[in-house]
Amino acid sequence: MKAPLSSHREARLQEVAQGKVRCLLCERRCLIIEGGKGWCQTRYNQNGILFTSIYGAVSSLSANPIEKKPLYHFYPGSRALTAGSWSCNFGCPWCQNWDISKTPPPARCRFMSPKAFIEETIRLSCQGTSISFNEPTLSFDWSLEVFQLAHERGLYNTFVTNGYMTATALDLLHGAGLDAMNVDIKGKKGEVRKYCQGIDVDRVWARCQQARELGLHIEITTLIIPGVNDDVESCVEIANRIADELGCETPWHVSGYHPAYRFVSPSTPISTLELAWAIGMDAGLKFVYLGNVPGHHKDNTYCPRCGATLIERRGFFMKQNLMENGRCYACGESIAGMGWNWC
């Protein structure tokens, strides 16, 4: 058999089934014929063995504020070297990063070894890593090695994900050193199945619960899209599920959509985002944030007990942090999160 190219590696999480190979990485669990590819176009069956074609294949690389993920209760003000690759396991028609997520990996990709990525993280004075831009689950094999090396060097590790990985995949990521995730909850069951092409959103919720049980830091984002999930019923359902299944201290980011890829609905009105914010607060959530509207006061962190402003933000940047060892400076209330005083 011809030796795989540098970004091609034998993939983990596979099994032979019905004379084919079943991928066990994401909940699509594709059954792949000889010479065929999975739904995501990044895993393929060669001689009865599943390979990934994006090991270390980097499409995008930048040092980002952790607030851009968005992760607001995890090492605020720190920076994460963020890598993206190619393709996705969802079919969302409004994708904001469609130029890489809707593109199969090219024949020749920029290759970056886990060691080189960690060295670049340190060179750029970042405090951690993030796998993002496209769906990071597809970079699973590379991420496992990145995370182990990162922890050895005192760095944190994060995922910005649609959450459609299998339970085994999440267990392995956690074991390798994943510290935090921002998970995109896109809407109710029917809408997600329709627009994301066959996705069962209950499996995303299951991974969120699993992450919480594993002790990972987790925050939820919902891109509020006119005509898809901007109705009161959708927002109420998501807010209540966060409160009931993940806990009232789990941050919820309600973010503004802008037309992209194949979706041409107008941008989300600020009033709609403010309504979603109010619904989250009414559901008992302590930390709801209004995203993609730089400078809006509902993007700040307030003490859920006394209302004092604890962290003021503008866009992806933190203007001031008045937390004192993870507590409100005014009343002493403990604020859920990690790494409040990392610096």
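Nothing in this text is a laboratory measurement; each read-out follows from the coordinates by a stated rule. In this text the structure is predicted, and so the values were computed from the model without any measurement. Here Cβ is always computed from backbone atoms with ideal geometry, including for glycine, and neighbour counts include all displayed protein chains.
Taking each residue as 0.36 nm, the span from H297 to V264 lengthens on full extension beyond its C-alpha to C-alpha distance by 9.1 nm.
Placing +1 on the Cβ of every Lys and Arg and -1 on the Cβ of every Asp and Glu, with nothing else charged, gives region 9-52 a dipole about its Cα centre of roughly 100 debye. With neighbour counts taken as other beta-carbon atoms within 10 Å, the residues T103, T137, T272, T52 rank, fewest first, as T103, T272, T137, T52.
Treating only the Cβ of Lys, Arg, Asp and Glu as charged (+1, +1, -1, -1), what charge dipole size does region 60-321 show about its Cα centre? Round to the nearest 20 debye.
Using Cβ point charges on Lys, Arg, Asp and Glu, region 60-321 gives about 580 debye.
Per residue of the chain, the DSSP helices (runs of n ≥ 4 H) give a summed -39500 (n - 2.57) that works out to -7000 deg cm²/dmol at 222 nm. Kindly state, to the nearest 0.05, the FRET efficiency for E312 paired with L31, given R0 = 51 Å and r defined as their beta-carbon distance. The formula returns an efficiency of 0.50 here. The loop-placed trypsin sites (Lys or Arg not before Pro) in region 79-127, going by DSSP, that have at most 15 neighbouring Cβ atoms within 10 Å of their Cβ come out as R108, R110.
Spatial offset of region 178-215 relative to region 266-283 amounts to 20 Å, using the alpha carbon center of each. Taken along its principal axes, the alpha carbon cloud of the chain reaches lengths of 66, 44, 33 Å, longest axis first. Centre-to-centre, using Cα atoms only, region 28-83 and region 133-169 are separated by 8 Å.
Farthest towards the positive end of the charge dipole of the chain, among the residues I242, T158, W342, is the Cα of T158, using unit charges on the Cβ of Lys, Arg, Asp and Glu. Please name which of Q197, A169, I220 has its Cα lying farthest along the dipole of region 127-228 towards the positive end, using unit charges on Cβ (Lys, Arg +1; Asp, Glu -1) and the Cα centre as origin. Result: Q197, furthest along the dipole toward the positive end. Relative contact order for region 9-52: 34 percent, from Cα pairs under 8 Å spaced at least 6 residues apart, divided by residue count. Inter-label distance, N240 to M281: 2.1 nm, where each label sits 7 Å from its Cα along the C-beta direction. Remark: spin-label model distance F111-S334 equals 4.9 nm, labels positioned 7 Å along the Cα→Cβ axis. Once the chain from S6 to D202 is taken as fully extended at 0.36 nm per residue, the excess over their C-alpha distance is 66.9 nm.
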